[in-house]
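The values are calculated or read from the model by the stated rules, or taken from the named source; none is laboratory data. These numbers were taken from a predicted model, which means no experiment stands behind them. Backbone-built Cβ (ideal geometry, glycine too); neighbour counts: all protein chains shown.
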Amino acid sequence: MEKEIWADIPDYEGLYQASNLGRIKGLKRNKIRKLDVWKRGNHVTVAMGLYKEGKWTRRIMGAWILTAFKGQKPCDFVCRHLDGNELNNRIENLKWDTQKNNVLDRRAHNTEFVSVQGKLSREEKIRIQKELLKEEQTVTELAKQFNVGRKTISRIAYHKYHPDNYIPEFKDFKYDQWKTYYKSKERKSKEELLKQL
């Protein structure tokens, strides 16, 4: 079994530590912190917020790991995942690098997010409405299916587009009332992603 090595996170000494296996723990309770994971299309983002002196600071998970083991981020550099997978935050998979090289990695591994909000055809918007009415898929699942961001699905659900884009039966769709249902499914989906770590 690979040995887990813990290192202090600069500016958070005595509060948090990061491990070479891609985990962060709070020292006050000696407890592993939970990740914030979400998907946009085929791109997964993993982030975490750390608390100090009444202020939360949220960063990409890999950036915290790199800061602990490689030092502060150089100017104009970003956290690069060499395999294009933001769920893999082991130190050997991380590197401070340019945004250009980070994008090239994502393209090479087909994990790049491309926003196409506003470019959906009327027919696609109608198909999304029908799927929302079925209440069988979460917003994340629909975003992945149609290769758009979650915000695009939400805009449709909130009737933000021109009325001509909507079918009659969608007129009374109440997105806020449905949120409780899909959030429970989103939570289960997030738990499945975390099991891959």
- Task: Evaluate the following for N110: is it at pLDDT 80 or above and closer than 30 Å to E2 by Cα?
- Result: no
- Reported set for region 74-96 where residues are under 18 Å from Y16 (Cα atoms) and over 14 Å from the mean Cα position of the chain (by Cα) is R90, I91
- Message: Only one of W38, W64 is touching a residue at least 24 places away in the same chain (Cβ under 8 Å) and out of contact with any helix residue (DSSP H, G or I) (no Cβ under 8 Å at 6 or more places or on another chain). Can you tell me which?
- Response: W64
- Message: Please go through (1) farther than 15 Å from W38 by Cα; (2) surrounded by 14 or more Cβ atoms within 10 Å (Cβ to Cβ) for E169 and return the number of the only condition it doesn't satisfy.
- Response: (2)
- Item | In region 133-170, the residues that are farther than 12 Å from L120 by Cβ and touching a strand residue (DSSP E or B) at 6+ places or on another chain (Cβ under 7 Å) | T140, K144, R150
- Flag if K52 is outside the structural domain of V139 (by TED's automatic domain parsing), over 25 Å from H109 (Cα atoms) and in contact with a Ser or Thr (Cβ under 9 Å, 6 or more places away or on another chain): no
- Task: Tell me, yes or no, whether region 177-196 has at least one residue that is at pLDDT 60 or above, over 29 Å from K34 (Cβ atoms) and either in a helix (DSSP H, G or I) or not acidic (D, E) (or both).
- Result: no
- Query: Filtering region 124-166 down to residues that are in contact (Cβ under 8 Å) with a residue 40 or more places away in the chain and among the β-branched types (V, I, T), which residue is farthest from W38 (Cα to Cα)?
  - Reply: I126
